[in-house]
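The values are calculated or read from the model by the stated rules, or taken from the named source; none is laboratory data. Keep in mind it's a predicted model, so treat the numbers as computed, not measured. As a convention, Cβ positions derive from the backbone with ideal geometry for all residues, glycine included, and neighbour counts pool all protein chains shown.
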Amino acid sequence: MCEQDKIFKVKAKTGRLDKVISENLEDVSRSRANTLVKDGQVLVNGEHKKPKYEVKVDDQIKVKIPEPTKLNVDPENIPLDIVYEDDDVLVVNKPQGMVVHPSPGHPDKTLVNALLYHTPLSNINGTFRPGIVHRIDKDTSGLLMVAKNNHAHESLSKQLKDKSNIREYLALVHGNIKENQGTINAPIGRSEKDRKKQAIVSNGRNAVTHFKVIERFHREYTLVTCVLETGRTHQIRVHMKYIGHPLVGDPLYGPRKTIKGHGQFLHAMKLGFKHPVTNELLVFEAPVPEIFEKKIKNLRNNNL
């Protein structure tokens, strides 16, 4: 990978330079933009400016994205729970606690390291995310579809974009939800208060989650299924908090007083897509992890 120059002209949205950069470049957070400006990697009409510079319409902004610190993505012999596999696609049941792909904070022992040991993968997403069409959080368990070649990757990505695939999650949330079902339609973007979090923001990306109540528990907990129409970072976690029902065990978005586990009680239990070659609709389901199943039984028995 090498340095990249990203150039854009401001059309309508104005404001602070670092904010405008983060809004126009999807992979650059506001704090990252702030650092790039301070490091002299940003030019406005050919001149260096401060992060607080108020951008004007028709300003031309050039951002130099430095070459990232090189990481080695090595195949690792880590056991995989493979639900389905053929020459084009693979469906894996990711355990809670496993990161999907390498990053500076998680250089190894990821799902990608394990997959590379097992099979060749598509390379559309570059060095660090081979085969990865969509992700789930480290502490979310469940089903992921993986592309073994670029044709499969393009097909699966298009299905995500067209919202034609099936992604259904099981979640345990705080509070008794009164409605039996509902839809949350609220835009999600990076939180300006805490860059580790996502939040409901007016200029965020469109995000839609459909939920349905499965079971209500006497101790103010509800078991729900959530169907994703879009796939934003932390979408279910942010949306359920937004309606006043954060996920149980969620270290980022949940309350301090919660049921302890190994992170949020969220499981990608159902996944469906059309096969990229045969066009056959494939649908898979994965049972909830033992710790999740045990908590549900304890709630039913009033024994926490």
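Brief remarks on what is shown
- Qualifying positions in region 256-293 - polar (S, T, N, Q) and touching a helix residue (DSSP H, G or I) at 6+ places or on another chain (Cβ under 7 Å): Gln264
- Criterion violated by Leu121 - all others in (1) out of contact with any strand residue (DSSP E or B) (no Cβ under 8 Å at 6 or more places or on another chain); (2) free of Cβ contacts under 8 Å to residues at least 40 places away in the same chain; (3) more than 24 Å from Thr230 (Cβ to Cβ) satisfied: (1)
- Taken as a whole, the condition of being surrounded by 12 or more Cβ atoms within 10 Å (Cβ to Cβ), modelled with pLDDT of 95 or more and β-branched (Val, Ile, Thr) applies to Ile236.
- Residue in region 86-95 that is β-branched (Val, Ile, Thr) and free of Cβ contacts under 8 Å to residues at least 40 places away in the same chain present: no
- Inside region 6-29, residues that are modelled with pLDDT under 90, β-branched (Val, Ile, Thr) and under 17 Å from Arg190 (Cα atoms) make up a count of 1.
- Within region 111-146, the set of residues being over 18 Å from Asp88 (Cβ atoms), among the hydroxyl-bearing types (Ser, Thr, Tyr) and modelled with pLDDT of 95 or more comprises Tyr117, Thr140, Ser141.
- Answer from Pro255, Pro251, Pro287 - the residue that is of a type outside the set (A, V, I, L, M, F, W, C), surrounded by fewer than 18 Cβ atoms within 10 Å (Cβ to Cβ) and under 11 Å from Asp139 (Cβ atoms): Pro251
- Among residues of region 9-35 being among the aliphatic types (A, V, I, L, M) and either over 18 Å from His48 (Cα atoms) or touching a Gly at 6+ places or on another chain (Cβ under 7 Å) (or both), the one that is surrounded by the most Cβ atoms within 10 Å (Cβ to Cβ) is Val28.
Residue-wise test of (1) closer than 29 Å to Ala268 by Cα; (2) among the acidic types (Asp, Glu).
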site: Leu43; (1), (2): no, no
site: Lys52; (1), (2): no, no
site: Val55; (1), (2): no, no
site: Gln60; (1), (2): no, no
site: Pro79; (1), (2): yes, no
site: Asp86; (1), (2): yes, yes
site: Asp108; (1), (2): yes, yes
site: Leu111; (1), (2): yes, no
site: Asn125; (1), (2): yes, no
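- For Ala199: the one exception among (1) farther than 12 Å from Gln235 by Cα; (2) in contact with a helix residue (DSSP H, G or I) (Cβ under 7 Å, 6 or more places away or on another chain): (1)
- Pairs with Cβ under 9 Å, 6+ apart, first in region 199-217 and touching a residue at least 60 places away in the same chain (Cβ under 8 Å), second among the acidic types (Asp, Glu): Asn203/Glu23
- Taking region 76-171 as the region of interest, the strands (runs of 3 or more DSSP E) fully inside it that hold 3 or more residues being more than 16 Å from the chain's Cα centre (by Cα) and buried (at least 18 other Cβ atoms within 10 Å of the Cβ) are 89-94.
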